[in-house]
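Here the structure is laid out as structure tokens; the discussion comes afterwards.
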Amino acid sequence: MIMKIYQRFPIVLSTILLPLILLGVSGVSGTESKSSQKPNIVLIYTDDIGYGDISCNGGEIPTPNIDRLAKQGVRFTNAHSTSSTCTPSRYGLLTGEYPWRRQGTGIAPGNAGSIITPDRFTLASMLQKGGYKTAAVGKWHLGLGDPKTGPNWNGTITGPREIGFDYNFLIPATGDRVPCVFVENNRIANFDPNDPIEVNYGKKVGNEPTGRENPELLIMKAINGHDQTIINGIGRIGFMSGGKLARWNDETIAETITGKAVDFIKANKNVPFFVYFATHDIHVPRVPHSKFAGKSGHGVRGDVILQLDDSVGTIVKTLEELNLLENTLIVFSSDNGPAVLDGYADGSAVSLGNHKPTGQFRGSKYSKFEAGTRVPLIVHWSNRVKPKVSDALVSHIDLFASFAALVGQVIPEGAAPDSLNSLSTLLGESDESREFVVEQGNGLAIYSKGWKLIPATQGAAKSKPPKPDAGFLIESGIASDPQLYNICTDIAETENLAEKYPDIVKELTELLRVVRENNKSVQ
Ligand code: NG6
Ligand code: CA
């Protein structure tokens, strides 16, 4: 097997290089008439939606709008985000570089400085260069402002605009982190200069109650540190004061950000546009609008799945009404696998019933087991994509080079170093798999040709098979012994075959070493 991997490695590189060189030679730049035919691109990047959370993947909560995209498009069964948490996944998606190659790409606090600096060539700047109007709407969680000192909340807040997004409307970090305000085009939306905002992740600021001091004021019980400043009755991570007029209403986050995405689409209907629509759903805190509260029969987590599906429906309906659906490439996916209990005791665990957020996979968000990064992926484009279920191995890291190929943009040397053009697979025109994917949890795992290796972690406990009927487990995958699973025959990663196949352990260990040490996937 070693030989196979090593023989194929250069082949992969040449299949990547060749199209790039060809594009370079032909110098595709896009004339006016051509650019008007370019497909619009809407990338719906959901938060913590597990593989099994949508009904077309077997979920119990109906998601008719998402299912419609799947029915008319390509539904992938083996698609991966780069990481099993948000910040690194989004970093990988937007830069085409594996996040673990860079320091500072872990889950970011709400006052982190910009993690992707203005000198970087990003997915958005590539599309902007290709003639697209670009927008980032929704959850950001990639830091803002000065990379070292963080944002100036009461002034100009640099960030997405500086890395290729013409328009932005953002939740700065996550719903469970302060500041609980929206940022629109580099300023706090509804900012009142007489009520300046202060944010601190170390010590209390202002005199508003915290979840720790006043748990009786909380509308949902906080666990694991979600007990700092209380905003709208919910304990958050971090402390904030001021900005009272600017604070969001948790119940209307979904409709607010969906409305902003719709407005952007309407305003740009006559030019090619790219919308990175990063939903807050279904991250914690889960506060469904009254339209959805209690409607799923599976608690608030189910209700926000309904809410997410409604947002997707609103976007699709807008495209349809504007006659744009046929020529819009819609990509639907998630930044990482599912969590059920993630900071608030909101009753989600007991409300699951037969709903399995992870589908048949082991692990969860934060995990190196499959459920950490194996996420839903649907590609819809009526003009070009034919309905299909694809089992090809694909990764978010490749969206950058694939979109570049689609719009005829050449990626400058050094940019998007891990992104390979897999456009034909993404459009369902080919079944070609990636050679491997690296799965980042707390540490790295590698998956290639049906085998999955989770290398040993020094000092950890020995690996254990999952307990039958253990319900929803947060499992990191960290263990002191190497774990090898044959995903083709054991999709739930139950039987560790590392002792039985030491050669495969060695080969995958070596492949992972090469990928890490090369500093790039594209030569
Ligand atoms: C974790 C939080 C979790 C969530 C996550 C980020 C604790 C104990 N847990 O650190 O609640 O906010 O970060 O989720 O603080 S993500 O989807 O944005 O990566
Ligand atoms: Ca997430």
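Laboratory data are not the source of any read-out in this text; all were calculated from the coordinates shown. Bear in mind that the values here come from a model prediction, so they are computed numbers and not experimental data. With ideal geometry, Cβ positions are generated from the backbone for all residues, glycine too; neighbour counts draw on all protein chains shown.
Rounded to the nearest 20, the Cβ-based charge dipole of segment 192-322 about its Cα centre (Lys and Arg +1, Asp and Glu -1) stands at 180 debye.
The slack in the chain from Asn190 to Glu429, taken as 0.36 nm per residue of separation less the alpha-carbon distance, amounts to 81.4 nm. Here Lys38 is the anchor, and the aspartates and glutamates within straight C-alpha reach of less than 16 Å, apart from those fewer than 8 places off in the same chain, are Glu326. Long hydrophobic helices in the chain, taken as whole DSSP H segments with a C-alpha length of 27 Å or more on their own axis and mean Kyte-Doolittle hydropathy at least -0.5: 2-26, 299-321. Only Lys, Arg, Asp and Glu carry charge here, each on its Cβ (+1 for the first two, -1 for the last two); on that basis segment 198-241 has a dipole of about 120 debye about its Cα centre. Largest first, the three principal axis extents of the alpha carbons in the chain are 65, 60, 43 Å in whole numbers.
What you get for the chain, charging only the Cβ of Lys and Arg (+1) and of Asp and Glu (-1), is a dipole of about 520 debye around the Cα centre. Projecting the Cα atoms of Gly52, Asn486, Ser241 onto the charge dipole of the chain (Cβ charges, centred on the Cα centre) puts Asn486 farthest toward the positive pole.
Report the gain in length on full extension from Lys295 to Asn154: 0.36 nm times residue separation, minus Cα-Cα distance, nm rounded to one decimal. Write out the running numbers ahead of the final one.
Values: separation 141, 0.36 × 141 = 50.76 nm, distance 3.93 nm.
Going from the current span to full extension adds 46.8 nm.
Between amide H atoms placed 1.01 Å from N, distances below 5 Å from Ser334 occur with Thr46, all of them 5 or more places distant or on a separate chain.
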